[in-house]
Each structure stands twice: as structure tokens, then as C-alpha cells.
Amino acid sequence: MSNRLLLVLLSAPLLLGSCNRNLLSPGTKTPKPTAAIPEAVKAVNVDFRFLAAKGKAQFDQQSGNINVRIRKDSVIWISASLIGVEGGRIYITRDSVQVLDKLHREYYAGDFAYLSQRLNVPVTFDMVQALLLGNYLAPQNASTQPTVVTEGPLQRVNFEEAGLLVQQLISLERGRTQQLQVQAPANQNKLTVDYTDFRPLERTPQPFAYSSLVQIQQGQTPPTTLTITYRSVDIDKERLQFPFSVPKGYARKK
């Protein structure tokens, strides 16, 4: 598994394009509730306290296993491995990012600026959580009002905020996000996520997208494509742990 693949596997959900660092999540030590869905938007988010998902991520003809754990609005934990050997781990809270690269015996502990610099795409905790779950991505600013248009079986929801153009297609039948697109006109970065293979979860009637196709366009370069396919998704089955420790001898990246 190459270093680039490891970075994409660990930070695939963080590939939201932006040209404005004001979108970076402000420091806070307490969970912040997900923004409310406007009445006009017919989306339904997956509701849970703890979520655990296992599956595969494929990038550039290479694939690895991923293990995702989430405590709603509070912690996101991702582990990536190849042939049963863990290559790295990431631990995200609302104001911090910690990355453990076991392949190169390196680690990082800081804020979202690290991944923003590595990927050239600043993000927020809420964006990461929405992308992983296929949930509706609400504006960060409560005063931002989305435009909602019904097109047959879909709702097209658009809003502009802090230099980003956000578009979401909502299935009226399922009440779930079918496509998320984020564009940054200033640098021509664009991210598109298509959600498919919807199935009901055991503890909720809400359908969940077991497969997502992530396409990242940075400027005029050819798009990068990443496929995430979950084989199992459990919510509130047990109280989850989020283990993260740095072994002795690892070098800290700055």
C-alpha cells in the first residue's frame, strides 16, 4: 500500500474542495449538534448515538479494508489495512485531527490545517460526518437559505457559502441524499459523491447507502476516483471504543 493510497484511505471523507479557510471548524471541546434540516428539504438523516461500519476502499487499482466508527457529532475514527495488516489510523474530533502512519512510523496531532495542507481542501467535522453517512449537509451559517427545486422524483437543494457552491440531490422516495456536489469556483476544485445500494439498517427504518463513489477534481487535472463499499453497518449495537495511541519511536510530522 503506497503512502498516497494510505492518505486517501484515511482521509477519503475529507476531500471537500474549498478556497476559504473560514470553513475550518472552530475549536470547541463539547459536541455540537448537527444543524437542523429546513422544513422545505425532504431529507432524513440517519439517527444514532454510535455507528460502526466495515468495508473496502478502492483507489487507483489498489484496495484496502476500512473500519469506521462514529460517535454522533463528536468523534470519527477510521482504520485502514491491507491483507490484514493495519497501515494507519485517524482520530477526528470537532477541533482536532490525529493521524498515525504505521507504514512510515510517523504521526500527526493538531487541527484540520494538516489535512487541509496535504489535500489542499479545508473541511469541517460536519462535512466529514455527512459525507461518510450520506446525510444532508446543512449550511454552517444559520442565515444561509438553500434553494429547493423539485425535479420529478428528486429534490435539488443548492446553497452558496464562504466561496463554496453546494448542490445535493435528495430522493423523495427514500428521503436520503443521492448525490452531493461541492465546487470551489475560485480554484475550480470539485467533489462529487454518488450514493447507491441503499438498504435499511437493523435498528432503524432509514435506508443507508452501502456504496459511494467519490470523484475529486482539482483544477484541470484528471479526476481522482475513490469507491467506498461497506459490507456491514451497525448502529447503537454497543458502546464503541476509539483507541488511538502513538507507539514509542514514531516521528511527529509538522
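Values for this structure:
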read-out	value
Test for T196: is it open to solvent by 60 Å² or more (accessible area, probe 1.4 Å), more than 25 Å from G163 (Cβ to Cβ) and in a strand (DSSP E or B)	yes
Cβ-Cβ under 6 Å pairs, at least 6 apart or on other chains, region 143-164 side touching a residue at least 40 places away in the same chain (Cβ under 8 Å) and open to solvent by 40 Å² or more (accessible area, probe 1.4 Å), far side of a type in the set (V, I, T) and assigned to a strand (DSSP E or B)	V148/V157
Region 75-94: number of residues that are open to solvent by 40 Å² or more (accessible area, probe 1.4 Å) and modelled with pLDDT of 85 or more	2
All positions within region 51-74 that are surrounded by fewer than 19 Cβ atoms within 10 Å (Cβ to Cβ) and either hydrophobic (A, V, I, L, M, F, W, C) or touching an Asp or Glu at 6+ places or on another chain (Cβ under 6 Å) (or both)	A52
Filter pass, R203 being surrounded by 10 or more Cβ atoms within 10 Å (Cβ to Cβ), within 23 Å of D47 (Cα to Cα) and more than 21 Å from the chain's Cα centre (by Cα)	yes
So I216, is it at pLDDT below 85, aliphatic (A, V, I, L, M) and open to solvent by less than 20 Å² (accessible area, probe 1.4 Å)	yes
Residue list for region 80-95, filter: within 28 Å of A35 (Cβ to Cβ) and without any contact (Cβ under 8 Å) to a residue 40 or more places away in the chain	I92, T93
Filter result (in a strand (DSSP E or B) and either of a type in the set (K, R) or touching a His at 6+ places or on another chain (Cβ under 8 Å) (or both)) within region 152-183	R156, R176
Among the candidates A138, A209, A186, residue that is touching a residue at least 24 places away in the same chain (Cβ under 8 Å), out of contact with any Pro (no Cβ under 6 Å at 6 or more places or on another chain), open to solvent by less than 20 Å² (accessible area, probe 1.4 Å) and not in a strand (DSSP E or B)	A138
Residue ID - farthest from G64 (Cα to Cα), chosen from residues in region 212-232 that are of a type outside the set (S, T, Y) and in a strand (DSSP E or B)	Q217
Count of residues meeting criterion [open to solvent by less than 100 Å² (accessible area, probe 1.4 Å) and under 18 Å from S74 (Cα atoms)] in region 236-254	5
Qualifying residue in region 163-186 (condition: polar (S, T, N, Q) and out of contact with any strand residue (DSSP E or B) (no Cβ under 7 Å at 6 or more places or on another chain))	no
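The values are calculated or read from the model by the stated rules, or taken from the named source; none is laboratory data. On a predicted model such as this, the values are computed, not experimentally measured, just so you know. With ideal geometry, Cβ positions are generated from the backbone for all residues, glycine too; neighbour counts draw on all protein chains shown. Side chains are part of the model used for accessible areas, which takes the heavy atoms of the whole protein and leaves out ligands, DNA and RNA. Shrake-Rupley method; radii C 1.70, N 1.55, O 1.52, S 1.80 Å.
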